[in-house]
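First comes the structure, then the notes that go with it.
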Amino acid sequence: MGLLPLSLSAATLALLASAVPVLAQSRDASAPDGQIVAQERCAFPYRTLDEWLADARRRNPQLDEAAFRRRQAHFDYVTTTTEVECLRVQYMSGGHRVTGYIVKPTETNGKKYPVFVVVPPYHPGGRIQFLNLFNFYGRVRGQGVVVVFPAFRGNDGGEGRDEFGGGDVEDLVNLAALARAQPYMDADNLFLYGGGRGGMMIYLALIRGMPARAAAVENAPSDVRRWAAQDTAVLRVLQQANSGFERTAEEHYRARSILEHLERIDTPLLIRHGSGNRRVPVSHTLELVERLEALGKTYKLVIYPNDDPDIQKNDPEDDRLAHEWLRTHLPGIPPWPSQRVVQAQGTPVQPERTPVPVASGRGEDEALALDSVQAHRAAMHFLAAFDSLQWEPFRAYFAPDVNTFPNRSDEAGRREGRDAIAGWEQFFREVRANRASRGQPGPPYLDIGRRMRDLRVQLAGAAAVVSFLLGDDAPSRRTLVFRRDPDGAWRLIHLHASPAPQAGQR
């Protein structure tokens, strides 16, 4: 389930943070890390689903109203239940009062519950959304856990400064101390869940020793240096959050990049990524998994072809996978329900595409799993270079004996070896010139990432067949065949572009 990074309206935020009766408060600045020093009941911003729908429609005019209204039963439960409560708290972390949220059974009756820590993906200045709290009421109600959200220092009324992976990591680590101090939380059974920036924070908390049974991460960067180079918004956030960043940029990048510290992680990881994510390309996860495999770490990998930063196209299936990972590592959690609470009056949505590949570290098919990951990574890097018309990275994937068939049905379209490579170089020049003449700069030039769907990887010995559809109304088939050479590199030996089917031939 993707955590949405968008902000609520000003009125909504004011209601969420409204001053309802304070249950407990302490102003002792010397309080230890993890101690709750203030708490109040959450005030939900909408009295009816129609109010929420109107606010959501103002922010998204293309909102699917029918799908939104399927939340009615769960909305009624969240806004009227006395079984589950939401608390907005402030706890101590590094001398700062940091805001967080806790969703828990109202009456715990001396029972300790596993702790499900949801790490938000937002940048500094963000807040926990009502939708996030709304969704996780279902986990508390039906799955017997307590859900905790850290807002990080400097956000949502908290003290200090959000450094985007600096001292604010301790705000996540110190939730373990918070859990140990609560009589209803089982700190020995703590599970981490987050995506994007939240996934990065999970990795950083783990290398700092946060005790967790397991973690589920989605669409998270593994190399922050590369992430900042690919996304100028990330670079600006790092510069604004850390004074003197330009002088110590390399130090900041190394400290925030999990690839630099993987040997310090022993927590089992569920890693999911949408290959259509442009903000954090799938190459971040594929490189991470290769290194996890080399280090013998325990993980499970799921790639969702052409899915987005919030994995919305496979949301229900992704929820199920994350829950089963939770059950694997936290005893006593009930099975995933056949129908989500938020869709109690509707039909569960089936995943749009089958996630591929799935690989589990230290499994019976380790070699096969790693080959699949490496072949998938080679294909995605090749297509990214193609989409951005980066000639040298593109050319490097061609084997000397490659043969290609452009999007033509005649045999004359076949090209081999050097002739095939030279033909593509000419194609690159023509596309660049054509786009420039029309005032349409790139990258991307070919929009492959958006138009690609149904990507599949099939292994056959030292070869991998990668196929996908390209296009919208009348998609054509693309087939890439990679060969694993003796040096371990996957190189392209065949490329075939089938023409789009004619009417009546689909």
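Worth pointing out:
- Once the Cα-Cα distance is subtracted from the 0.36 nm per residue extended length, the A31 to E263 segment shows a gain of 80.2 nm.
- Shape of the range 10-331, Cα gyration tensor, a/c cut at 1.5: rounded
- Distance between the modelled labels on R291 and R432, one decimal in nanometres: 3.2 nm (7 Å Cα→Cβ projection).
- Remark on A220: its backbone amide H falls under 5 Å from those of G196, a criterion applied only to residues 5 or more positions apart or on other chains, H modelled at 1.01 Å from N.
- Expressed to the nearest 5 percent, the antiparallel share of DSSP beta bridges inside the range 10-331 is 45 percent.
- Relative packing of 144-151, 33-40, 60-67, 429-436, which averages over residues the other C-beta atoms within 10 Å, highest first: 144-151, 33-40, 429-436, 60-67
- On full extension, the segment bounded by R247 and Q39 gains 70.9 nm, given 0.36 nm per residue less the C-alpha separation.
- Proximal charge balance of P331 [Cβ under 13 Å; K/R count +1, D/E count -1]: +1
- Our summary gives the range 367-497 a relative contact order of 28 percent, counting only alpha carbon pairs under 8 angstrom and 6 or more residues apart.
- Additional length obtainable on full extension of the chain from K111 to Q312, 0.36 nm per residue less Cα span: 68.9 nm
- Cα gyration tensor category, rounded, prolate or oblate, for the range 197-243 with a/c compared to 1.5: prolate
- Relative contact order (percent, whole number), the range 169-237, Cα cutoff 8 Å, 6+ residue spacing: 30 percent
- Whether the range 143-195 is rounded, prolate or oblate, judged on the alpha carbon gyration tensor where a/c under 1.5 counts as rounded: prolate
- For the range 10-331, with +1 on Lys and Arg beta carbons and -1 on Asp and Glu, the positive-most of P183, V118, I271 along the dipole: P183
- S476 versus A233: modelled label distance in nm, points set 7 Å from Cα along the beta carbon direction: 3.4 nm
- About the Cα centre, charge dipole magnitude for the range 25-126 (Lys/Arg +1, Asp/Glu -1 at Cβ), debye: 100 debye
- Normalised convex hull volume, the range 159-308, alpha-carbon set, Å³ per residue: 114 Å³
- When only Cα pairs below 8 angstrom with a gap of at least 6 residues are kept, the range 131-263 shows a relative contact order of 20 percent.
- For E246, E251, order by how many other beta-carbon atoms lie within 10 Å, fewest first: E246, E251
- For the peptides 287-293, 192-198, 71-77, the ranking by mean Cβ contacts within 10 Å, running from highest to lowest, is 192-198, 287-293, 71-77.
- The Cα trace of the range 367-497 gives Rg and Dmax of 14.8, 48 Å, the first to one decimal, the second as a whole number.
- Each residue of the range 112-126 was assigned a 3J(HN,Hα) from its phi angle through the Karplus expression (A = 6.51, B = -1.76, C = 1.60, θ = phi - 60°), giving 9, 10, x, 10, 9, 8, 9, 9, x, x, 6, 8, x, x, x Hz with x at Gly and Pro.
- Sorted by Cβ density within 10 Å, fewest first, the residues R483, R208, R58: R58, R208, R483
- Peptides 232-241, 167-176 ranked from most to least packed, by the mean per-residue count of other Cβ atoms within 10 Å: 167-176, 232-241.
- Relative exposure of R272, R377, R264, judged by other C-beta atoms within 10 Å (fewest first): R264, R377, R272
Bear in mind that the values in this text are calculations on the coordinates, not laboratory data. Since we're looking at a predicted model, the values are computed, not measured. When we count neighbours, we look across all protein chains shown, and the Cβ atoms used for this are built from the backbone with ideal geometry, even at glycine.
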